[in-house]
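Next up is a structure, given as structure tokens.
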Ligand code: SAH
């Protein structure tokens with residue numbers, strides 16, 4: 001059978017979905033993503049469909065199908081198991097000359113949906129002559145190639161609408177993406193972060209960015225190692241800002257890759273401000289932060305039912321007694337919940353001493369996770385009273401997070 005492939009522009013067009021079960025649940029999101037005005041006819045809905053209806057994203061007619069439902073529809077999706085009921089819908093669709101997709105028997109319908117994979121601006125749809133598994137297999141091969149292979153850069157080249165701090169879509173000229181690379185395991189970058197990385201003309205990376213991610217860059221990509229900029233920290237940040245703005249203004253797509261999440265002690269905010277001042281659009285792609293991931297991979301949940309209803313993430317790079325410290329250590333000592341300290345190894349003796357002096361119990365469980373999510377990961381368990389000495393004794397090195405609270409022993 002010769003199918004005629006076609007892509008539909010469904011924005012604001014009425015699409016009728018008959019059925020409210022599992023199949024409809026899987027079909028409706030893509031229709032909504034295409035902007036369709038979805039009307040569901042079904043006596044009952046799954047909770048997920050009910051949520052769409054409650055939020056006003058779909059219109060629900062809580063009854064069985066009636067022939068008049070097809071009137072004014074541009075497309076009909078039949079998502080009912082009962083072949084007699086399904087045939088009734090497709091006959092009505094046929095009479096009204098509306099294309100109709102049938103979940104129960106796709107060859108009995110006037111249209112069927114291809115196997116699809118989407119990568120940024122590129123959508124690949126694979127149809128078949130009746131052997132759905134073959135279409136799915138081909139789709140999977142293409143998807144893998146778009147993810148990793150030589151096609152990745154081509155598909156990623158248009159990273160889609162870019163927003164400047166929440167403004168409308170920007171499509172012209174160069175731009176910057178501030179991408180969280182995750183805590184260390186190269187697989188812990190987000191799908192979007194990886195796609196944008198594959199499309200970058202320029203990559204500016206931090207010290208803590210997983211090296212494996214950088215090994216995948218195309219040869220022609222300009223790579224800037226931010227850790228090697230030879231000034232003090234303040235001047236180096238100015239220099240990074242300058243590089244981001246200048247490359248973007250030259251029309252290039254710059255990915256600023258940062259360890260963990262860009263806005264958790266990552267100075268991402270300063271770079272957003274610098275770009276905004278220069279009129280350069282910025283996309284922010286959040287990352288998996290080490291403050292949650294490193295404890296998790298060390299076997300410590302930052303919250304746990306009945307144990308901790310809060311977790312607080314603080315930077316320990318300024319000692320507690322330093323006048324420039326912005327952390328209220330006395331308040332933190334009064335918390336029952338979890339305290340996660342980043343950049344705190346050097347000052348750990350003073351941090352622990354201060355928490356004890358302010359009243360946190362000495363036998364509060366404490367742990368340190370070094371290089372979480374990497375092959376070099378180490379976990380040390382102790383108590384607040386003893387953790388600083390234990391760290392010295394064990395030779396724990398940065399980067400490491402310190403976790404203080406009863407969650408440390410919650411799963412132990
Ligand atoms: N933006 C990063 C944090 C930057 S501050 C994030 O969201 O994860 C750098 C600190 O993060 C380090 O000093 C250390 O405390 C922590 N850190 C980063 N990666 C880590 C890892 N893999 N394991 C443990 N701690 C890590």
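Values quoted throughout were computed directly from the atomic coordinates according to the rules given, and no laboratory measurement underlies them. Keep in mind the model is a prediction, meaning the values are calculated, not measured. Please note: Cβ atoms are built from the backbone with ideal geometry, for glycine as well, and neighbour counts cover all protein chains shown.
If you look at just the Cα atoms of region 63-137, how large are its Rg and its Dmax in Å?
14.1, 40
Against the longest principal axis of the chain, how steep is helix 268-277, in degrees 0 to 90 to the nearest 10, with axes from Cα atoms?
70
Take region 215-356, compute every pairwise Cα distance, and split them into 5 Å bins from 0; I just need the percent in each bin.
P(r) over region 215-356, rounded to whole percents: 2, 8, 14, 16, 17, 14, 11, 9, 6, 3, 1.
Let me know the Rg and Dmax you get for region 291-409 when you use only its Cα atoms, in Å.
Rg and Dmax of region 291-409, Cα atoms, are 12.9, 38 Å.
Given a Förster distance of 22 Å, report the FRET efficiency between residue 374 and residue 219 from their Cβ-Cβ distance, rounded to the nearest 0.05.
Details: r = 26 Å, r/R0 = 1.19.
The formula returns an efficiency of 0.25 here.
Determine the gain in length on full extension of the stretch residue 191-residue 250; use 0.36 nm per residue of separation and subtract their C-alpha separation, reporting nm with one decimal. Before the final figure, lay out each step's value.
On the way: separation 59, 0.36 × 59 = 21.24 nm, distance 2.68 nm.
Extending this stretch completely gives an extra 18.6 nm.
I would also like to ask the following. For 290, 325, what's the fewest-to-most ordering of other Cβ within 10 Å of each Cβ? Could the numbers behind the result be given before it?
Working: 290 30, 325 17.
The fewest-first ordering by Cβ neighbours comes to 325, 290.
How much length is gained if the chain between residue 386 and residue 276 is pulled fully straight, taking 0.36 nm per residue apart and subtracting their Cα-Cα distance, in nm to one decimal? List each step's numbers first, then the result.
Working: separation 110, 0.36 × 110 = 39.60 nm, distance 4.65 nm.
Gain in length upon complete extension: 35.0 nm.
Using Cα springs under 10 Å in a Gaussian network model of the chain, which residue among 326, 355, 213 shows the largest mean-square fluctuation?
Ranking 326, 355, 213 by mean-square fluctuation puts 326 first.
Same structure, new question: Rg to Rh ratio, region 14-113, alpha-carbon atoms and Kirkwood radius?
Working: Rg = 12.0 Å, Rh = 13.0 Å.
In region 14-113, Rg relative to Rh is 0.92.
Taking the chain as a Gaussian network, where each spring joins two C-alpha atoms under 10 Å apart, which residue of 115, 308, 87 fluctuates the most?
Residue with maximal mean-square fluctuation among 115, 308, 87: 87.
Using a 10 Å cut-off on Cβ atoms, rank the peptides 62-71, 265-274 from the highest mean neighbour count down. Provide the component values of the computation, followed by the final result.
Values: 62-71: 14.3, 265-274: 17.6.
Result, highest mean first: 265-274, 62-71.
What angle do you read, to the nearest 10 degrees and between 0 and 90, between the alpha-carbon axis of helix 22-33 and the longest principal axis of the chain?
Compared with the principal axis, the helix lies near 80 degrees.
Same structure again: Compute the orientation-averaged projected area for the chain from the convex hull of its Cα atoms and round it to one decimal in nm². Write down the numbers at each step before the final one.
Numbers: hull surface 101.1 nm².
Quarter of the Cα hull surface area: 25.3 nm².
Distance between Cα centroids, region 299-350 to region 1-54: provide it in whole Å.
First find each Cα centre; the distance between them is then 47 Å.
Contour minus end-to-end for residue 134 and residue 74, with contour as 0.36 nm per residue of separation and end-to-end as the Cα-Cα distance?
Values: separation 60, 0.36 × 60 = 21.60 nm, distance 2.88 nm.
Stretched out fully, the residue 134 to residue 74 stretch lengthens by 18.7 nm.
Ok, one more. Using alpha-carbon pairs under 8 Å, 6+ residues apart, how would you state the relative contact order of region 271-381 in percent?
25
Next up: Calculate the spin-label point distance for residue 105 paired with residue 8, positioning each point 7 Å from the Cα along the beta-carbon direction, and give it in nanometres.
Computed distance between label sites residue 8 and residue 105 equals 2.1 nm.
Hey, another quick one. If each of residue 315 and residue 143 carries a label point 7 Å out from its Cα toward its Cβ, how far apart are those two points in nm?
4.0
Taking other Cβ within 10 Å of each residue's Cβ, how do 139, 132 sort, fewest first?
Numbers: 139 18, 132 14.
The fewest-first ordering by Cβ neighbours comes to 132, 139.
Let me ask something else. Under 8 Å for C-alpha pairs, at least 6 residues apart: give me the relative contact order for the chain, rounded to a whole percent.
Numbers: 810 pairs, mean separation 42.9, N = 412.
Once normalised by length, the contact order is 10 percent.
What is the Rg over Rh value, at two decimals, for region 167-288, using alpha-carbon atoms and the Kirkwood definition of Rh?
Numbers: Rg = 13.1 Å, Rh = 14.1 Å.
Dividing the radius of gyration by the Kirkwood radius yields 0.93.
Under 15 Å from a point 7 Å along the Cα-to-Cβ line of residue 357: which residues of region 304-322 have their amide N that close?
319-322
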